[in-house]
Every structure is written in structure tokens, then in C-alpha cells.
Amino acid sequence: MNHPPIRKISFLSIVIPVYNEEDMLPVLRSELEAWLSSLPDMETEVILVNDGSKDSSLPYCLGWANENKRVKVVSLSRNFGHQIAVSAGLDYSEGEAVVVMDADLQDPLPVIPEMIRRYEEGCDVAYGQRLNRKGESRFKLATAWLFYRLMRGLVHKDLPLDTGDFRLLSRRCVDALKAMPETHRFLRGIVAWMGFKQAAVPYERSERARGTTKYPLGKMASLAWNAATSFSSFPLRVINVFGVLFALFGLGCCVWALSAYFAGETIRGWTSLIGLVSVIGGMLMLAMGVMGEYIGKIYEEVKKRPLYLVDNLVNFTDSALTENNNGYPGP
């Protein structure tokens, strides 16, 4: 039986978006530096992407980078959102493989060696798949369960369930992502769409040690809507279905109105007429709103603005700066 060739990683990048994580960063530093020291014969870099934090996250990141040259900082000019911050980190990464993880350590570091093993076996994407989520309410668990299943139906049929952005990407996957600088990004959907060989790495998600979640229900709903409208035409198809249904309903009302007219009972139809006009008017407004979302996204895409603006870069090589073309590099 033929086995795929084993490929070794000599240079690993770890991309961590940071937004108001001043309480969590000391814990992250302690855990991450201890874990990195256990990696044998592998060069590493840690890219901290400050996504417009309003607390002391940026000064802490800069101090950490000043003491450890393997730690690099991309400080964005404002808050551009989690998906753009991850994209910025990927743009400036130089490793043969890149791990994306959050600063809260809910995605445990000991899972990464298994991702590396999957990469060495020939996978281009090794994504963490959550078996359970510790320390979260039943409501949060229920909404998260619903979110991932809606996304699979709305975005891509191969989108992995119960999977966030915690994953390892090969260099060719990262280069492919850099070649798609679309403004409204849903990275999980884009990675699933790209194909390549992908494998799940099951794990138990840890409880957040400090701080609060940066993805409450409102942001989760916003991400779901953005993903659905920027990655799929499904909402437009839903409008078509409702249009057909309401057209049939309206035809039935016309038949009923004619029957009432010939029976001499036309005045009794006032209530149903008002109800029908209100329902159809509401449906038209809904259709216009959904189409407006798509038109608005087209408007933002055709302007071809950079994905992000960089305020400051620390510890990067000249090659990393010249190879990035997705964001304005700043001063």
C-alpha cells in the first residue's frame, strides 16, 4: 500500500488577532512561550494583529515583541473586524504552514501538533472541530449549534460543522487566500470553497480564562448574515419562492373577490383587502431590502479599497513587507 510522502515543517507561523484582550495577553504569553520552547527543530513566528484595541493590548504586544524577536506585531489603523484581522496576519506570515487561533486560548495549544501531523501526511488544511464547548450557557450552545448548520445550508455544502477559524493552512492555501482580496470575507467558507485536501482535528474547547467573549449573539448574527449575502445567492432564491407563493395567494384572493362581487357581498372584503395589501407591501419591502444588501456589497467591492490600513509594523523582514499587496502598509 502506497503512503503519501511525509513533509516536514521547518518554519511555522501563528496568527493571533487581538481586540481588547489586555486581561488575557499575559496568560497567552506564558502559555505560548512555554509551548513554543517544546517544539523541536522548527523556526516559528507569532504574528499579533492588533485590531484597533481600545485598552492596553497594543502596548503589551509591543513590549512583548521588543523582548522576543519571534513575536511580530501588525497594528491596524482601526477596528476592521475579526475576519479582516486574520486576513492581515495571513498576508504578513512567512511560514510554510500557518496556524490561526484566537487570543483567549479556548482553542488549546496541544491541538496544534495533531494539525501539524495532518499537514505532514499531505493535508493542506487541518481544522479544529469542537466536540464540546466548556463554560458556555445553554443559550450560547444552542445558538452556536444553529449558526453552523445555517451556514452549511446558506454558504457551502462542504462547510465543516462546529468549526471556527482555528486551523492550520499550508502556504499554497495562504497564497490562494491572498489572491482573493474580497471585501466581505467569511474565511471558513472561502477555505471550504478552495477545496484542497482537508482534515478535521476533533478537540474539546476550553473555558475562557479571563475577559469576555468578543462574539456575542449580535455579532454572531451579523457574521451569519454577512456570510450568507456575500457568499451565496440563497436569500435571493428565497425571495423568488415567496414571490411565487404570494402570487398564487393573490390569484386565490382574486377568485374569491370575483365570487363575492357576483354574489353582491363586495363590502365585506374590506378587511381582507387591507390585510392582503399589507402582506404584499411588507414582502416587497423585504425583497428590496435583501436586494439592497447585495447591491451595497457590489458597490463596496467595485471601489477596490484595500482590506485594511496598517498603522505600525514590528519585527518584520523586508520580504514580508514587499510580498503583501492586500492592505496599505502605512508609514
#### Entry: Residues that are touching a residue at least 60 places away in the same chain (Cβ under 8 Å), of a type in the set (A, V, I, L, M, F, W, C) and either crowded, with 17+ Cβ neighbours inside 10 Å or not assigned by TED's automatic domain parsing to the domain that holds Gly81 (or both), drawn from the stretch 174-199
Val174, Leu177, Phe186, Leu187, Val191, Ala199
### Query
Based on what the data block shows, is Gly122 small (Gly, Ala, Ser), within 15 Å of the chain's Cα centre (by Cα) and modelled with pLDDT under 90?
no
### Query
Among the listed residues Ala88, Ala34, which satisfies the condition of being at pLDDT 90 or above and small (Gly, Ala, Ser)?
Ala88
### Pairs with Cβ under 7 Å, 6+ apart, first in the stretch 83-102 and within 15 Å of Asp51 (Cα to Cα), second of a type in the set (S, T, N, Q) and in a loop (DSSP other than H, G, I, E, B)
Ser87/Asn326; Asp91/Asn324; Asp91/Asn326; Tyr92/Asn324
### Task
Find the residue count for the stretch 96-131, including only residues that are surrounded by 20 or more Cβ atoms within 10 Å (Cβ to Cβ), part of a strand (DSSP E or B) and hydrophobic (A, V, I, L, M, F, W, C).
6
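Of all residues in the stretch 147-186, count the ones that are of a type in the set (A, V, I, L, M) and modelled with pLDDT under 80.
Result for the stretch 147-186: 6.
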### Task
Select from the stretch 31-64 the residues that are aliphatic (A, V, I, L, M) and over 15 Å from Leu109 (Cβ atoms) and list them in ascending order.
Ile47, Leu48, Val49, Leu58, Leu62
### Query
Only one of Ile16, Ile47, Ile84 is in the same structural domain as Val310 (by TED's automatic domain parsing), under 23 Å from Val191 (Cβ atoms) and touching a Gly at 6+ places or on another chain (Cβ under 6 Å); which?
Ile47
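The values are calculated or read from the model by the stated rules, or taken from the named source; none is laboratory data. As the structure is a computational prediction, the values presented were derived from the model and not from experiment. FYI the Cβ positions are ideal-geometry reconstructions off the backbone, even for glycines, and counts take in every protein chain you see.
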